[in-house]
1. Would you please name the residue that is surrounded by the fewest Cβ atoms within 10 Å (Cβ to Cβ), looking only at residues in the stretch 202-223 that are within 11 Å of ligand 2 (Cβ to nearest atom) and among the hydrophobic types (A, V, I, L, M, F, W, C)?
2. For G79, are the conditions met, namely being closer than 18 Å to F172 by Cβ, in contact (Cβ under 8 Å) with a residue 60 or more places away in the chain, within 16 Å of ligand 2 (Cβ to nearest atom) and surrounded by 14 or more Cβ atoms within 10 Å (Cβ to Cβ)?
3. Taking the stretch 197-247 on its own, how many of its residues are closer than 24 Å to T186 by Cα and small (G, A, S)?
4. Return the pairs, sorted by first residue and then second, in which the second residue is surrounded by fewer than 17 Cβ atoms within 10 Å (Cβ to Cβ) and among the charged types (D, E, K, R), the first residue lies in the stretch 50-64 and is in contact (Cβ under 8 Å) with a residue 12 or more places away in the chain and under 19 Å from A27 (Cα atoms), the beta carbons are less than 9 Å apart, and the residues are 6+ apart or on different chains.
5. M126 fails exactly one of the following numbered conditions: (1) buried (at least 18 other Cβ atoms within 10 Å of the Cβ); (2) away from ligand 2 (no atom under 16 Å from the Cβ). What is the number of that condition?
6. Check R137, R170 and return the single one that is of a type in the set (D, E, K, R) and within 17 Å of S100 (Cβ to Cβ).
7. Identify, please: which residue in the stretch 82-101 is away from ligand 1 (no atom under 13 Å from the Cβ) and small (G, A, S) and is, among those, farthest from T168 (Cα to Cα)?
8. From the list F339, F316, F360, exactly one residue is more than 18 Å from A260 (Cα to Cα) and of a type outside the set (S, T, N, Q). Which is it?
Amino acid sequence: MRLVVTIPTYNEQENIAEIIAKVLSQAKKMPAIDLHVLVSDSHSSDNTAKIVTQIASNNPKVHFLDVKQRGLGTGLVKGHRFAIDKLKADILAQMDGDLSHDPSTLPKMVAYIRQGYDLINGSRLMKGGKNLLGWHRRLFTRGSSLYCKLSWGTFNLSEYTNSYRVFTKRLFDRINFAKVPWKSKTYIIQPAFLYASIEAGAKIKEVPITFEDRKRGYSKAQIIAYTFDVFKFGIKVRLQRSKTFAKFLTVGFSSYLLNAITLGLLNRGQIYALIIFPKPLLSLIPTFEGAPKLLFLTIDRLFIASIISIELSIIFNFVFHENWTFKSRSHSGSIIVRFLKFNLTSIASPIIQLTSILIFARILNLHEQAGLAVGVIIGLFFNYFVNVIWIWKARPSQPKPPATIEVR
Ligand SMILES: Nc1nc2c(ncn2[C@@H]2O[C@H](COP(=O)(O)OP(=O)(O)O)[C@@H](O)[C@H]2O)c(=O)[nH]1
Ligand SMILES: [Mg+2]
């Protein structure tokens, strides 16, 4: 059985020789496996190509492919394609070329493939896993994993944005790449490939891994653009998966606008930066400095304005969910009870929003509107799940009519 480990590279001249040697040294732990390494390079401007072709010319187990264009997705997808078509791989693996992934985990991952799994996902977030990056990168990893979990509805997977994976040729051939944004310049291929594997019905196993920060060279990750792509991808998945969620998002977004406009008018007399009134509508309520304090809360204009605008958006949400979003779901019991339940579950969302507004404004010294926007997104997912589980439940499924017999 042939295993090809694809290492995508862009300017890894300081690391590439060492990682190739370390991967090859795993061969003795996998006697039944014919281990090859493929470096899939995006036309590096440093000496990566030169170093690898040199190694490859002395070692038939090492291969080099120049995919010409930039992009991690391009490097990975074209690399795996080459591994299947030209190198006749049965098992495909991928790991970073900067020694962040430890090759000594490979034999364990391959063993799971041989037990019948289709995809082994290296996870920094499960028990035993470690992520040794700086705090903002750790925040990205955790945040995007939580977001993917919620937006895809995949609660059995812990990690989404890591690249260390092993999978079968059979799985790769079943993936519909028309639906995978693999030509993107960000690393969206990582969650997107995982999602495509789930869609293809893959049997997935996660194994804990330690992610070391690179010691040499530089990171090519563009975290802001990547975050944006992860967000977009989650929305796309949801829209595909459920029209109800699309309606829920529309109502949520409209109620966010209502919330933001109300907050702006009450607190500043503005809609975002647009000045509407010379004074805030709540100008009689003092701002932070002159406001009364209650335990750890300051009852100032921002606080009162937030409460009013949030409450207004709850009512707006309920009216639209009742009559539009969840119209076709079960409406058993009285509307009053549903409204009370909705208010009760809605408490979590404003608490999340208020906490977010206050953290942004008071601790991070950022604009309260940014805090509201972040709070709304987190609150939204929370609310959706509580709504469909508790308030507007699925209708009990109708027994299927017996299959009709075709008469010619
Ligand atoms: N083929 C290819 N590989 C890339 C590209 N960008 C990054 N990589 C590789 O992807 C792996 C992870 O990239 P890195 O910059 O370390 O990102 P980080 O680990 O998320 O900070 C490394 O092996 C990079 O050389 C690219 O445009 N093309
Ligand atoms: Mg790296």
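1. The qualifying residue surrounded by the fewest Cβ atoms within 10 Å (Cβ to Cβ) is A221.
2. no
3. Residues flagged as closer than 24 Å to T186 by Cα and small (G, A, S) within the stretch 197-247 amount to 7.
4. Going by the 9 Å Cβ cut-off, the qualifying pairs are K61/D34; H63/K86.
5. The one condition M126 does not meet is (1).
6. Matching residue, one of R137, R170: R137.
7. Going through the qualifying residues, I end up with A83.
8. F339
The values are calculated or read from the model by the stated rules, or taken from the named source; none is laboratory data. Nothing here was measured: the structure is a model prediction, and the numbers come from that model. Counting neighbours? That spans all protein chains shown, and the Cβs are built from the backbone with ideal geometry, glycine included.
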